[in-house]
Amino acid sequence: MRSSGWGRATVQDGRSFAYALENPMDIMTGVGLVCGIIVVSVMILMGGDLHMFISEHAALIVIGGSIAATMIRFPLSAILHGLPLGAKFAFTVSRLSARDLVDELARIAEIARKQGPVGLEKVETDEPFLAKGIRYVADGYDLEFIRDNLERDRDNFLMHLDEGGKIYRAIGDCTPAFGMVGTLIGMVQMFANMTDPSKLGPFMATALLATLYGAVIANLFCLPIADKLHGKLLDEETNRTLIIDGILMIRDSKSPTLVREMLLAYLPEKHRDEEGEPVPA
């Protein structure tokens, strides 16, 4: 039976272990964005009307210019893959931590030792990459085939995630620059109409709002998301490499204790001694 965030995968020998049914929300990303928006909004409302800070011309030069520059920097395929994948991983966390993966792979190794590869057909997991590796072992594929396919899958995924981080960083680099472009355009228009005082205010407002839009979009949205994606990429690289090594050891009929001890090397030193569910040797 499924619950709101966690389920249990039951194996044939009666053991069960927890796994996340869906990628849980990365609360810090959402909280940070909401707090940033609230801070900026409060400062705007404390100093005047919200409509004073709305300018279609400033938004056009900042957003339109940044999109155009990003399209020049990256091929369409990278944008179509990177933007949605980056947005997804910026707001979610991995189903299983590295520690959870070590424990789960040790249990799977115990099942394979007792029942052979055919016993893995009844093992369920909601981690797609791990499920693919288990299926390869259960189907009896040779070691090199499993290694090549899983490594290729990992590298392609990490490439697209890295593209997402680079795209968000590129947008974050562009928006302040185009905010400055908008400011310069507004200043030129203002100085060109010095004889008409009624036009000086709107042109000056457009000039300043372009800088404001560029700074907010870059420093509240794009650059923080790019940094978070870089951290997620490192985590995913570790987790998927850990899974590959674990699956290869299971395919090579290594003992559960050896699988656990070998995979613990992927964990930080302070996490290696944490108590996990014991697995028979």
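On the basis of being open to solvent by 40 Å² or more (accessible area, probe 1.4 Å) and part of a loop (DSSP other than H, G, I, E, B), does residue 147 make the cut? No.
What residue, among those in the stretch 121-144 that are part of a helix (DSSP H, G or I) and in contact (Cβ under 8 Å) with a residue 40 or more places away in the chain, is farthest from residue 91 (Cα to Cα)? Show your work before the answer.
Just the residues of the stretch 121-144 that are part of a helix (DSSP H, G or I), to begin with: 121-122, 128-138, 143-144.
Cutting the leftovers down to in contact (Cβ under 8 Å) with a residue 40 or more places away in the chain gives us 122, 129-130, 133-134, 136-137, 143.
Values: 122: 32, 129: 20, 130: 22, 133: 26, 134: 28, 136: 31, 137: 32, 143: 35 Å.
The residue in question is 143.
For the structure I just gave you, tell me whether residue 118 is without any contact (Cβ under 8 Å) to a residue 40 or more places away in the chain and outside any loop (DSSP other than H, G, I, E, B). Spelling it out, residue 118 is indeed without any contact (Cβ under 8 Å) to a residue 40 or more places away in the chain and outside any loop (DSSP other than H, G, I, E, B).
The sole residue among 97, 55, 66 that is at pLDDT below 90 and either touching a strand residue (DSSP E or B) at 6+ places or on another chain (Cβ under 8 Å) or closer than 26 Å to residue 228 by Cα (or both) is 97.
Scanning the stretch 58-93 for residues that are surrounded by fewer than 13 Cβ atoms within 10 Å (Cβ to Cβ) and under 14 Å from residue 171 (Cα atoms) gives 64, 68, 71, 72. Of the residues in the stretch 114-128, not one is surrounded by fewer than 15 Cβ atoms within 10 Å (Cβ to Cβ) and within 29 Å of residue 65 (Cα to Cα).
How many of the residues in the stretch 70-93 are part of a helix (DSSP H, G or I) and either under 8 Å from the mean Cα position of the chain (by Cα) or of a type in the set (Ser, Thr, Tyr) (or both)? Spell out how you get there, then give the answer.
The first filter runs over the stretch 70-93 and keeps only residues part of a helix (DSSP H, G or I), leaving 70-73, 76-90.
Keeping just the survivors that are either under 8 Å from the mean Cα position of the chain (by Cα) or of a type in the set (Ser, Thr, Tyr) (or both) gives 70, 77, 85-90.
Number of matching residues: 8.
Would you check which residues across the stretch 212-253 are hydroxyl-bearing (Ser, Thr, Tyr) and surrounded by 20 or more Cβ atoms within 10 Å (Cβ to Cβ) and list them? Listed by number, the list holds a single entry, 213.
For the stretch 170-198, what are the residues that are of a type outside the set (Gly, Ala, Ser) and crowded, with 19+ Cβ neighbours inside 10 Å? Quick ask: steps written out before the conclusion?
In the first step, residues of the stretch 170-198 are kept if they are of a type outside the set (Gly, Ala, Ser); the result is 171, 173-176, 178, 180-181, 183-185, 187-191, 193-197.
Hits for the stretch 170-198 are 171, 174, 175, 176, 178, 183.
Does residue 145 meet the test of being under 15 Å from residue 252 (Cα atoms) and either of a type in the set (Phe, Trp, Tyr) or in contact with a strand residue (DSSP E or B) (Cβ under 6 Å, 6 or more places away or on another chain) (or both)?
On the way: under 15 Å from residue 252 (Cα atoms): yes; either of a type in the set (Phe, Trp, Tyr) or in contact with a strand residue (DSSP E or B) (Cβ under 6 Å, 6 or more places away or on another chain) (or both): yes.
So residue 145 passes the test.
The values are calculated or read from the model by the stated rules, or taken from the named source; none is laboratory data. The model shown is predicted, which means the values in this text are computed figures rather than measured ones. Ideal geometry is used to build each Cβ from the backbone, glycine not excepted, and the neighbour counts take in all protein chains shown. These area figures cover heavy atoms from the full protein model, side chains too; ligands, DNA and RNA do not enter into them. Shrake-Rupley method; radii C 1.70, N 1.55, O 1.52, S 1.80 Å.
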